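Asker: Sharing a structure, written as structure tokens. Questions coming.
The values are calculated or read from the model by the stated rules, or taken from the named source; none is laboratory data. Not measured: the values here are computed from a predicted model. Backbone-built Cβ (ideal geometry, glycine too); neighbour counts: all protein chains shown.
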Amino acid sequence: MPFKKGQSGNPAGKAKSTHYKINAEQRDFLRQFLLDNKEKLLKELKKMEGKEFAHYYITLMNYVLPKPATAEIKEVPKLEEFIAMTIEERQNTIEEIRESIHM
């Protein structure tokens, strides 16, 4: 029985625990491979210019820099609602917003 367009066999979606995870042995292998070939890689990168260099530079940076987490920001109260809150409610609201953006 085929699925209808826009529907899957799992309406709840893929569980977070099922994402692809590289195992420690593979990670160690890749780390060692990059270390062993560092000079060759640098030599080849120095030959590149323009878009080609930018493409490889950005690709490599994706493995170095942590990817920003997508934060779900709750709806914040309107100014009038915020003013009407007690000091404790305001502090709690500010703390919730800070936590949601990881300050």
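Asker: What is the number of the single condition among (1) surrounded by 10 or more Cβ atoms within 10 Å (Cβ to Cβ); (2) at pLDDT below 85 that PHE3 does not meet?
Answerer: (1)
Asker: Picking from LYS67, LYS43, which residue would you name as being out of contact with any Phe, Trp or Tyr (no Cβ under 6 Å at 6 or more places or on another chain), assigned to a helix (DSSP H, G or I) and either under 26 Å from ARG27 (Cβ atoms) or at pLDDT 85 or above (or both)?
Answerer: LYS43 is the lone residue from the list that is out of contact with any Phe, Trp or Tyr (no Cβ under 6 Å at 6 or more places or on another chain), assigned to a helix (DSSP H, G or I) and either under 26 Å from ARG27 (Cβ atoms) or at pLDDT 85 or above (or both).
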